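I have placed the structure first, in the form of structure tokens, so that the comments after it can refer back to it.
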Amino acid sequence: MTPRRPLNRPVHVSWRVRPQLRHGEGERQHLTSLQGLAALSLDALSSVAYGPEAIALILVAAGGAAIGYTLPITLAIVVLLTVLVISYRQVIAAYPNGGGSYAVAKSDLGERVSLLAAAALIVDYVLTVAVSLAAGAASLASAFPVLAPHLLAICLVGLALLTAVNLYGIAESARVLMLPTALFVVSVLGVVVLGLARSHPAAVVGAPMHVPVTDTLGVLLILKAFSSGCSALTGVEAIANGVPMFREPRVARAQRTELLLGALLGTMLVGLALLIHRDRVQPRHDVTVLAQLTAGAYGTGWAYYATNLVVTLALALAANTSFGGLPVLLSLLARDNRLPHLFALRTERPVHRYGVVAVAVAAAVILIAVDARTHRLIPMFAIGVFIGFTISQVGLVRHWATLRPPRWLGRALLNGTGALLTAGATLVLLTTKFLEGAWVVAIVIPLLILLFARIERYYTAVEKQLGVGRTPPRPTRPAAVAEAGKVIIIPVSDVTTRTERAVSAGLALGGEVVVVAVCFTEEEVHDLRTRWNLWDPGVRLEILDSPQHTVVRPVLDYIRQVADSGKWVAVLIPTVEPRHFRHRVLHNQRDLFLMVVLREHTDVLVCLLPFRINT
């Protein structure tokens with residue numbers, strides 16, 4: 001006969017639940033390579049609409065003859081593009097969890113550099129939204145001058161639509177972007193092919209612009225034109241930042257997408273530069289350089305207007321790159337305790353909802369501040385991304401030098417060359433554009449770094465008070481008989497002092513106490529089970545699995561199952577109460593959200609147990 005287990009002996013059970021997936025969840029809702037190209041690369045692809053023009057605007061200051069240098073400068077930019085594509089394919093393989101230059105800096109260059117990388121990426125992403133929408137509105141107004149007084153309104157409407165699409169889910173937004181991306185690429189390649197096939201432009205649009213010669217063609221002017229033209233490379237890093245969005249095998253799909261992006265972008269840049277070089281295309285009033293090339297290839301018939309509309313749509317939708325990449329970066333920063341934890345939360349689609357809203361709000365503020373004028377945004381546009389480029393290149397050099405895999409020296413030499421090129425472009429941009437708006441970036445990036453540091457310091461103090469990483473004392477049960485039909489369920493995330501206080505409170509209420517926790521990986525399950533067994537509080541632990549990386553849904557399903565068994569259920573939710581009101585935003589509010597969901601969908605008793613923070 002098997003001996004009976006003593007009633008007071010602790011039982012350690014892991015209960016694994018796999019909730020039924022809802023719409024927007026599961027592997028099918030992640031991106032394929034072509035969907036990734038549409039969702040994460042349209043920013044880089046659409047930059048051909050203003051990158052070559054940025055070069056021409058600088059060179060024309062030295063006279064019309066200087067426009068001929070657009071082609072060699074573009075070729076140099078394409079060489080840099082090739083280096084960056086190869087480098088970011090390496091970043092994708094080495095850091096498959098996303099984060100781009102932030103992940104590289106965090107792993108290989110230390111905390112301070114990683115904060116610089118994160119701040120630079122945030123600035124770049126937000127400006128990408130603003131510049132793309134402003135450029136799209138300006139392109140539309142070029143075709144339809146009656147819209148010129150309403151640029152800001154057009155931008156804000158487009159921003160609202162993009163926000164709604166991305167809140168619906170990144171996979172759905174990728175499908176929405178597939179057709180516009182294909183139309184844009186076909187239209188621009190058509191301009192290149194037909195334009196080169198003609199011996200002279202089919203039509204000329206726009207009024208001549210008188211540009212006084214104010215500079216001489218020299219090394220400094222060429223460097224300035226090169227750095228301005230490098231705005232065409234913004235967005236190349238977005239795929240490396242968004243690797244977790246791809247379907248399995250994520251690394252291979254992301255690398256394939258990065259290579260496809262580089263091939264398409266390089267081809268379009270060189271083709272447009274050939275046309276500018278051959279026809280000596282200069283900036284003109286009321287039209288963009290790309291519009292002039294379009295008229296030269298198609299004439300001024302329906303194809304001209306259709307192409308301009310496609311370019312306008314692509315520029316507007318290019319902002320989706322930031323909606324795809326920045327929320328992932330914000331979630332990484334939140335998990336590292338450098339931003340409020342609510343940025344790490346995802347809805348069941350899955351969508352980083354708070355990150356999407358933050359991108360939209362920041363871009364709206366900037367657009368309103370500059371009245372949606374593209375020329376006021378361009379001076380500070382590329383600085384953030386080139387800081388990220390430089391950090392990722394230097395980090396990879398350190399990475400190869402540390403690991404020394406086969407052929408590491410060649411890789412390090414390639415990344416070192418890229419670092420020198422991008423660092424030089426950053427310095428030229430910062431010095432030549434400082435008074436034109438680059439000073440804003442020089443102020444915002446240090447402020448963001450300071451914000452990260454202050455938030456991390458606060459979380460460190462909170463973890464110390466919560467006892468994170470330490471085994472708390474064992475809870476005590478009052479001398480009361482447990483009630484067989486009464487279950488006290490306590491949702492927790494870790495074994496901390498807060499957990500001990502909640503378990504003690506649950507034991508004081510009487511009945512069976514069950515602690516539930518949600519884990520996303522086998523490593524988390526093993527770590528939590530090990531710490532729980534080491535603590536040995538004498539109550540049961542249920543570990544819930546969440547394949548869609550949400551917390552509230554699995555806990556809700558478990559509580560429903562226990563309640564449906566006929567037991568009386570009370571849920572005791574431990575929640576953090578900060579000393580200062582301003583610190584509340586730094587906590588993810590998941591506890592309050594769980595309370596609301598339980599009250600709406602169950603009849604169980606829900607109690608909040610405050611844990612007050614003195615920091």
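Here are some notes:
- Flag for SER392 being over 19 Å from LEU115 (Cβ atoms), assigned to a helix (DSSP H, G or I) and among the polar types (S, T, N, Q): no
- Residue match in the stretch 337-344 (condition: within 23 Å of VAL131 (Cβ to Cβ) and in contact (Cβ under 8 Å) with a residue 24 or more places away in the chain): no
- ALA44 touching a strand residue (DSSP E or B) at 6+ places or on another chain (Cβ under 9 Å) and closer than 26 Å to THR294 by Cα: no
- Matching option when the condition is among the aliphatic types (A, V, I, L, M) and open to solvent by less than 10 Å² (accessible area, probe 1.4 Å), among VAL516, VAL492: VAL516
- Counting only helices (runs of 4 or more DSSP H) that sit wholly inside the stretch 38-157, those with at least 1 residues that are open to solvent by less than 20 Å² (accessible area, probe 1.4 Å) and among the acidic types (Asp, Glu) are 111-143.
One line per residue, one yes/no per condition, for (1) of a type in the set (S, T, N, Q); (2) closer than 21 Å to LEU367 by Cα; (3) open to solvent by less than 10 Å² (accessible area, probe 1.4 Å); (4) not in a helix (DSSP H, G or I):
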residue: GLY271; (1), (2), (3), (4): no, no, yes, no
residue: LEU274; (1), (2), (3), (4): no, no, no, no
residue: ARG278; (1), (2), (3), (4): no, no, no, no
residue: ALA297; (1), (2), (3), (4): no, no, yes, no
residue: ASN308; (1), (2), (3), (4): yes, no, no, no
residue: ALA314; (1), (2), (3), (4): no, yes, yes, no
residue: PRO327; (1), (2), (3), (4): no, yes, yes, no
residue: LEU332; (1), (2), (3), (4): no, no, no, no
residue: ASN337; (1), (2), (3), (4): yes, no, no, yes
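- Residues that are among the aliphatic types (A, V, I, L, M) and surrounded by fewer than 19 Cβ atoms within 10 Å (Cβ to Cβ), drawn from the stretch 413-437: LEU413, LEU420, ALA423, LEU427, LEU435
- The condition of being touching a residue at least 24 places away in the same chain (Cβ under 8 Å), closer than 27 Å to THR615 by Cβ and crowded, with 19+ Cβ neighbours inside 10 Å holds for ILE573.
Yes/no matrix, rows are residues, columns are (1) assigned to a helix (DSSP H, G or I); (2) in contact with a His (Cβ under 8 Å, 6 or more places away or on another chain):
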| residue | (1), (2) |
| --- | --- |
| GLY388 | yes, no |
| PRO405 | no, no |
| THR417 | yes, no |
| ALA423 | yes, no |
| TRP439 | yes, no |
| TYR458 | yes, yes |
| LYS464 | yes, no |
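- Annotation: of all residues in the stretch 344-365 being modelled with pLDDT under 80 and of a type in the set (Val, Ile, Thr), the one that is least open to solvent (accessible area, probe 1.4 Å) is VAL351.
- LEU290 within 26 Å of THR163 (Cβ to Cβ) and either open to solvent by less than 30 Å² (accessible area, probe 1.4 Å) or part of a helix (DSSP H, G or I) (or both): no
The values are calculated or read from the model by the stated rules, or taken from the named source; none is laboratory data. These numbers come from a predicted model, not from an experiment. So basically every Cβ, Gly included, is an ideal-geometry build from the backbone, and we count neighbours across all protein chains shown. Areas reflect the complete protein model, heavy atoms only, side chains present, ligands, DNA and RNA absent. Shrake-Rupley method; radii C 1.70, N 1.55, O 1.52, S 1.80 Å.
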